[in-house]
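Working notes, beginning with the structure itself.
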Amino acid sequence: GQGQSNYDLSFKILLIGDSAVGKSSLLVSFISNVVDDLAPTIAGQERFRTLTSSYYRGAQGIVLVYDVTKRDTFTNLSDVWAKELELYSTNQDCIRMLVGNKVDRESERVVSREEGMALAEELGCLFLECSAKTRENVEQCFEELALKIMEMP
Ligand code: GDP
């Protein structure tokens, strides 16, 4: 490694996707070591699916999250969220990552890994499956995103 750096880096990263796919949990899971059955986010603003362009402005990374146990959350990414992204995302160089969350519920899975990979290719995204609950791949998700952002010219 390069040893300790004497500076901090800060990135603007957005998490988008349907309500209850685990966006808040992924963040909490990333910054803490334990996620113990988080209460679902009661976020009034989520009733208004469309976000304003100011939310997207200056974003360097965008994480598109779906729940591997709920097909609607997967199809909505291409039908709704990706379209909104095209409308509002002003930064074309923004790094995108498609994330299939809740892989700890393998027995309830309805969206296959192959489908996820195919959508990621279609949308020009990196791809990972993870679990905010077990923390599987959670650090990898944000680290890979940060690395790709730093690689940008
Ligand atoms: P958000 O609305 O997208 O921010 O979703 P939340 O983070 O509020 O999560 C919604 C619900 O899903 C909560 O009850 C979480 O505990 C649960 N949840 C989130 N991530 C996972 C996961 O990886 N596995 C399981 N089994 N449950 C999860």
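General remarks:
- The range 60-143: translational diffusion in µm²/s, Stokes-Einstein, Kirkwood Rh over Cα pairs, 4 °C, 1.567 mPa s: 100
- Relative intensity, log₁₀ I(q)/I(0), of the range 65-111 from a Debye sum that treats every alpha carbon as a point, q = 0.16, 0.21, 0.26 Å⁻¹: -0.50, -0.73, -0.92
- Nonlocal amide H pairs with Leu98, under 5 Å, H built at 1.01 Å: Leu64, Leu126, Phe127, Leu128
- Using heavy atoms of the protein chains and a probe of 1.4 Å, the accessible area assigned to Leu98 is about 0 Å².
- Applying the Karplus relation 6.51 cos²θ - 1.76 cosθ + 1.60 with θ = phi - 60° to the range 125-141 yields 3J(HN,Hα) values of 10, 6, 9, 8, 10, 8, 9, 5, 6, 8, 6, 4, 6, 5, 5, 4, 4 Hz, where x marks Gly and Pro.
- Per-residue HN-Hα couplings for the range 17-27 [Karplus 6.51, -1.76, 1.60; θ = phi - 60°; Hz; x = Gly/Pro]: x, 4, 4, 6, 6, x, 4, 4, 4, 4, 5
The values are calculated or read from the model by the stated rules, or taken from the named source; none is laboratory data. In this text, all values refer to a predicted model and were calculated from it rather than measured experimentally. The area values use the complete protein model at the heavy-atom level, side chains included, leaving out ligands, DNA and RNA. Shrake-Rupley method; radii C 1.70, N 1.55, O 1.52, S 1.80 Å.
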